[in-house]
Amino acid sequence: MTVNRSILKFINLPMMLLFIGGFAAAIGGFVIHTMYTSPLKSQCVMPVSFYDIKQGKDVALLRGSYRSYRDSISRGHVTFVGSLSRFSDGQRVGQPVTVNRELRFEGSITHNLLQMTITGHNRRIGDQSSDDDVSTYVFPALHNGESGTTSLYLLDGKVMATGVETVARIACMN
């Protein structure tokens with residue numbers, strides 16, 4: 001049986017390896033470029049300060065920073081370090097309460113909605129807050145198994161923000 005040597009004219013091993021290597025390098029460069037320029041960072045710092053005005057002249061002030069960490073493609077955790085102060089008639093009532101909490105979640109993104117299910121909640125060193133205050137002011141979904149939905153926004157093509165349906169309330173600052 002004889003081998004048809006005309007097919008060997010179209011197969012040139014060094015040229016094929018050069019083509020495959022160039023293709024792999026281009027794909028690798030694209031992936032690395034996307035990772036470094038993506039607004040979806042593995043960590044995000046979000047400073048926050050807001051007032052909750054109750055009936056009459058009672059006010060609660062929450063100040064601090066959320067830090068969001070992406071642990072994997074569908075898991076992450078968020079920490080909050082800050083303080084909660086209460087005021088009545090313009091005067092501070094008691095000392096500010098230190099809040100230092102961590103929330104672990106599993107999530108999925110559909111269009112611009114982040115749907116999260118809480119998988120864990122921890123007090124961190126120095127926390128003096130009550131669970132009621134934390135669920136009212138810091139993390140509305142606090143207990144294991146609870147779910148929450150928030151909207152994600154990309155502001156000016158660079159800054160990731162989150163908030164309610166039409167208003168971006170918290171922006172990633174790093």
Task: Percent accessible area from carbon and sulfur atoms, segment 43-171, protein chains only, probe 1.4 Å - done: 51
Open item on the list: I need the Debye-formula profile for segment 43-171: one equal scatterer per C-alpha, no solvent, reported as log10 I(q)/I(0) at q = 0.16, 0.17, 0.20, 0.22 1/Å, two decimals.
Closed with: -0.85, -0.95, -1.23, -1.40
Task: C-alpha center-to-center spacing [segment 108-174, segment 55-98] in angstrom - done: 13
Task: Label-to-label distance, nm, for residues given as Asp133 and Tyr69 (7 Å Cα→Cβ offset) - done: 2.4
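The values are calculated or read from the model by the stated rules, or taken from the named source; none is laboratory data. No experiment lies behind these values; they were computed from the predicted model shown. All Cβ positions, glycine included, derive from the backbone under ideal geometry; neighbour counts span all protein chains shown. Areas reflect the complete protein model, heavy atoms only, side chains present, ligands, DNA and RNA absent. Shrake-Rupley method; radii C 1.70, N 1.55, O 1.52, S 1.80 Å.
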